[in-house]
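This report refers to the structure that appears directly beneath it.
The values are calculated or read from the model by the stated rules, or taken from the named source; none is laboratory data. Because the structure is a prediction, the values reported are computed rather than measured. Note that each Cβ is placed from the backbone with ideal geometry, even for glycine, and that neighbours are counted across all protein chains shown. SASA here: full protein model, heavy atoms, side chains in, ligands and nucleic acids out. Shrake-Rupley method; radii C 1.70, N 1.55, O 1.52, S 1.80 Å.
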Amino acid sequence: MQRALTLAARGKGRTSPNPMVGAVLVKGNRIIAEGYHRKAGTPHAEVITLKKAGAKAQGATLFVNLEPCCHTEKKTPPCTKSIITAGVKKVVIAMVDPNPEVSGKGIRELKSAGIKTEGGLMEGEAQKLNEAFTKFITKQMPFVILKIAQSLDGKIATARGESRWITGEKAREYVHKLRNEVDALLVGIGTVQKDNPSLTCRIHGGRNPYRIIVDSSLQISLNAKALRFNDGKTIIATTKSANKGKIRSIISKGNKVLVTRERAGKVDLKQLMQKLGRLDITSVMIEGGSSINASALSSGIVDKVMFFTSPMIIGGMDAVSSIGGKSLPSLKKAVKIKNIQISSIGDDILVEGYINSFK
């Protein structure tokens, strides 16, 4: 099962809106075939593995990190049929598929065909691997990561706005690895005006995620780098009060514009997430400033936080804190983080944990 999970993880950033799945076929305590789902619309892990094994699949045991699919409302045929036809005698499954179209039905179909099934092996690891898919398929909204690079005293910039670089090179490389794995990056208009970022993934073999810019009053310059790609992957989120002529200009450059209702004069981030879900965007990483960070937390859209903390102290009441907005009336209102993990990334410390969990 560990091998199946390792194989599944090779599909990070490529299988959306499908889950990551790996499969390993074993016979006589030997692996006879293995495979993983590479991209949405291509064969699933189980089918790839069974095809490699051919007649050897007869009487073998299949290990898979997610319950095999049994529904036909998709581009590829159900995996349960392939498993039954191949003569597999046993299937070991890490986690039940959270998709209501499948959940438990695939297992029942295998059992009805006389195939022995076992579940729950390395279930926790499997759930974490596909946490974005689980939220997307159950809530129809993307899994949201709030990523922050800050000093030891919680600052993301000096009073003059200097922020390059608070964290070290290895931490920045790690962030680009994350960009390669998520469907979309999200920043506020303040970040675009200050830094004019391209919002790309700069690792060898990486792919660029969607670029989402929250811009309530459409202040973005038509010459902004993020608008130059003409690939349909830059999305400007604005409100109904935005200038219609400027919306048309942005769209004419090959970009998308999503209009949401206003919430306290700003883009309604929860409604934005619903609209992104309809575009099959399953995961979003926020890399904005203190204002968008505060808005994301207060709107309840954040599922996971990742704080990259540098061993430096900036100091000053006028320096920019990682979370802006108004202070809370009491500690009872503070956002609680669960399942904390702490690791070292070069000279920096990464603290990550969850606000919401989907199992």
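How about region 110-141: which of its residues are open to solvent by 20 Å² or more (accessible area, probe 1.4 Å) and among the β-branched types (V, I, T)?
Those that are open to solvent by 20 Å² or more (accessible area, probe 1.4 Å) and among the β-branched types (V, I, T): T117, I137, T138.
For region 208-221, does any single residue satisfy the condition of being surrounded by fewer than 17 Cβ atoms within 10 Å (Cβ to Cβ) and not in a loop (DSSP other than H, G, I, E, B)?
no
Of all residues being assigned to a loop (DSSP other than H, G, I, E, B) and open to solvent by 20 Å² or more (accessible area, probe 1.4 Å) in region 1-12, which is farthest from I83 (Cα to Cα)? Just the residue, please.
Taking region 1-12 first, the residues assigned to a loop (DSSP other than H, G, I, E, B) are 1, 10-12.
Adding the requirement that they be open to solvent by 20 Å² or more (accessible area, probe 1.4 Å) leaves 1, 10, 12.
Values: M1: 17, R10: 23, K12: 25 Å.
Going through the qualifying residues, I end up with K12.
In region 102-117, what residues are closer than 24 Å to T138 by Cα and of a type outside the set (K, R)? Explain how you work it out, then say what you get.
First, the residues of region 102-117 that are closer than 24 Å to T138 by Cα: 102-110.
Correct list: V102, S103, G104, G106, I107, E109, L110.
So T239 ticks every box in (1) more than 15 Å from L186 (Cα to Cα); (2) modelled with pLDDT of 95 or more; (3) open to solvent by 70 Å² or more (accessible area, probe 1.4 Å); (4) of a type outside the set (A, V, I, L, M) but one. Which box is left unticked?
(3)
Please identify the pairs in which a residue from region 160-180 that is closer than 27 Å to A132 by Cα and outside any loop (DSSP other than H, G, I, E, B) has its Cβ atom under 9 Å from the Cβ atom of a residue that is aromatic (F, W, Y) and at pLDDT below 95, counting only partners at least 6 apart or on another chain.
A171/W165; R172/W165
Does any residue in region 337-358 that is surrounded by 15 or more Cβ atoms within 10 Å (Cβ to Cβ) come within less than 6 Å, Cβ to Cβ, of a residue that is part of a strand (DSSP E or B) and hydroxyl-bearing (S, T, Y) six or more places away or on a different chain, and which pairs are these?
D348/S310; I349/T309; L350/S343
Only one residue in I189, I148, I107, I166 is open to solvent by 20 Å² or more (accessible area, probe 1.4 Å) and over 30 Å from V26 (Cβ atoms), so which one is that?
I189
Can you confirm whether V267 is surrounded by fewer than 20 Cβ atoms within 10 Å (Cβ to Cβ) and among the hydrophobic types (A, V, I, L, M, F, W, C)?
No, not satisfied.
In region 234-292, how many are within 27 Å of V175 (Cβ to Cβ), among the basic types (K, R) and in a strand (DSSP E or B)?
Residues meeting the conditions: 2.
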